[in-house]
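See below for the structure under consideration.
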Amino acid sequence: MTQPSLSLVDTDPAELAVDAIVIGLHSQPDEDGALLPAAGAESIAAAFDGRLTATLALLGASGAPGEVTKLATLGTVAAPLIVAVGLGSEPSGPAPELETLRRGTGAAVRALAGSSTVALALPLPDDDASPVLRAVLEGALLGSYRFAGYKTKPQKGRRDPVTALQVHVPDAADPAAAAEIERAQTVARAVRLTRDWVNMPPNELRPAGFADLVSQAATEAGLGVEVLDFDQLKAGGYGGIVAVGQGSEAPPRLVKLTYTPDGVTDPKRVALVGKGITFDTGGISIKPAAGMWEMKSDMAGAAAVAATLLAVAALKPGVAVSGYLAIAENMPSGSAYRPGDVITMFNGKRVEVFNTDAEGRMVLGDAIARACADGTDYLFETSTLTGGQVVALGKRIAGLMGSDEAIELVRAAGAAVGEPAWPMPLPDDVRKGMESEIADICQTNSSMDRAGHMLQGGVFLREFVAEGVEWAHIDIAGPSYHTGEPNGYWTKGGTGVPVRTFLRVIDDLS
Ligand code: BES
Ligand code: ZN
Ligand code: MN
């Protein structure tokens, strides 16, 4: 579904004739428990004649982060509805935590499905408001996401997402604010596109179709596009992608997207690599039936990389960025690869396969080696690689492995945008445990021990990174797909992680 339009307003919020106004509400730690309207809500509080926070408290509001309370205004202000979003205790600094604002705005806009025009009157600092405005805009645009789906009849009583957002700022003619609107539309479009691709059912998004969707969008955006089909992958020596892809009637693809900045001599080179398994049955080492459907999201890394490149084409940073999508369907069949197979990868290394369900590292090894062969200074790879990531860090925090500088870039960017990633080690012992008797390396621990298997993934992928390349592996098995109830700006299904991290890293390198 298309995302809401955004506009800036500097009219008094109490006078805005919109369907609803979103304001912030702080919890106050003093004894009488009075709540405090956040900055931006002054004129609305005044219109309620001092009874706004007491009324909200009567409705159960506490100002806790993420809490959403609706209040009918009964003519006190022009809009018929106010939505107060909890922002926690009043900040000591200029504004609440960015992620609190992002999640709160997302929750409020999500709760307003069914309204068409919504105004946001949230706290913005007087100077350098851009980061705060950015958080508010991203929260609003992502919280209003809904997957179009496949229902043949419109659902009764279903309320559609908000279509227009007016953002209250001190000066609606401020060029910096206008630039943030422009940027937020681009960034949110990329995150929402990632979510769409991840949410598509696996019969609707098979390797060739996924590669086609990406190529078409990338060509329209002015990116360079190269697509390798099955025969070209075989001829090119992409043993890992071929091995995984050969078990499916829908053959694999490797897609490369390129952005080159205008007028920058010798720009830094950044490569993004994504795992694009359109469905992961496990192959011959087949997965249990329960929950297998979720493996339609096993292309979340490739989706994030492709969408990031599309955003890059619009944002035009001063670094060269290329994206590599390793796309295949992991199926059991008479032509599938087997446990015990020895596979020669793109960089010439030979891998002994123990578990065909560790297919991600097979396709990624090739894509990483290809990216390095093309030449790059930085390489950031992301994948729904291991269940071990979810065990170790949960559903919100990605696992992060690689070389020091790249890790720190990703960690800092992720923390800033609300996509946390936590550094994990690449121990020598784990590499020793992956020695093969007949090949250069085993695909998993040779004793099939699952201990620390997130780390095995990182240690394996390191084998395919060329000397001197700063690299990071971001395991997004948990954070890429949200199975619980909607929360903040996260809706059910694909989350779009780590698109905003990538864009931030690219910004930081520009
Ligand atoms: N795609 C899965 C990892 C996964 C699990 C992603 C749960 C999202 C949620 C991956 O291909 C896989 O099957 N990994 C195996 C690796 C093992 C065989 C070494 C795993 O995690 O069990
Ligand atoms: Zn997988
Ligand atoms: Mn697998």
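Assorted remarks:
- Taking the Cα centre of the chain as origin and assigning +1 to Lys and Arg Cβ atoms and -1 to Asp and Glu Cβ atoms, the resulting dipole is close to 1740 debye.
- Over the stretch 267-354, Cα pairs under 8 Å with separation of 6+ residues give a relative contact order of 39 percent.
- According to the Cα-based calculation, Rg over Rh for the stretch 113-223 is 1.05, with Rh computed by the Kirkwood formula.
- An oblate overall shape is assigned to the stretch 166-279, the ratio a/c of its alpha-carbon gyration tensor axes (a ≥ b ≥ c) being 1.5 or greater and a/b not exceeding b/c.
- Lys pairs under 29 Å by Cα in the stretch 192-509, provided they are eight or more residues apart or on distinct chains: 28
- Span from the the stretch 364-401 Cα centroid across to the the stretch 464-510 one, whole angstrom: 10
- Calculated FRET efficiency for the pair Lys70/Arg158, C-beta based, R₀ 25 Å, to 0.05: 0.85
- Angle of helix 175-199 to the longest C-alpha principal axis of the chain, folded into 0 to 90 degrees and rounded to 10: 50°.
- The chain, Cα convex hull volume normalised per residue, Å³: 159
- Crossing angle, helix 499-509 versus the chain [Cα axis fit, 0-90 degrees, rounded to tens]: 80
- For the chain: relative contact order, % (alpha-carbon pairs under 8 angstrom, 6 or more apart): 14
- Between Ser43 and Asp449, the modelled label-to-label distance comes to 6.7 nm, taking each label 7 Å out from Cα in the direction of the beta carbon.
- Gln232 paired with Ala466, simple spin-label distance in nm, labels 7 Å along Cα-to-beta-carbon: 2.0
- Helix axis angle, 207-220 relative to the chain longest principal axis, alpha carbon, degrees: 60
- Pair Glu97, Arg396: separation of 7 Å Cα→Cβ label points (nm): 0.8
- Residues listed by number, the stretch 86-128, amide nitrogen under 20 Å from Ala34 label point at 7 Å toward C-beta: 86-92
- Taking the fewest neighbouring Cβ atoms within 10 Å as the starting point, the ordered list for Asp266, Asp475 is Asp266, Asp475.
Bear in mind that the values in this text are calculations on the coordinates, not laboratory data. None of the values given here were measured: they were computed from a predicted structure. Methodologically, a virtual Cβ is constructed for each residue, glycine included, from the backbone with ideal geometry; neighbour enumeration extends over all protein chains shown.
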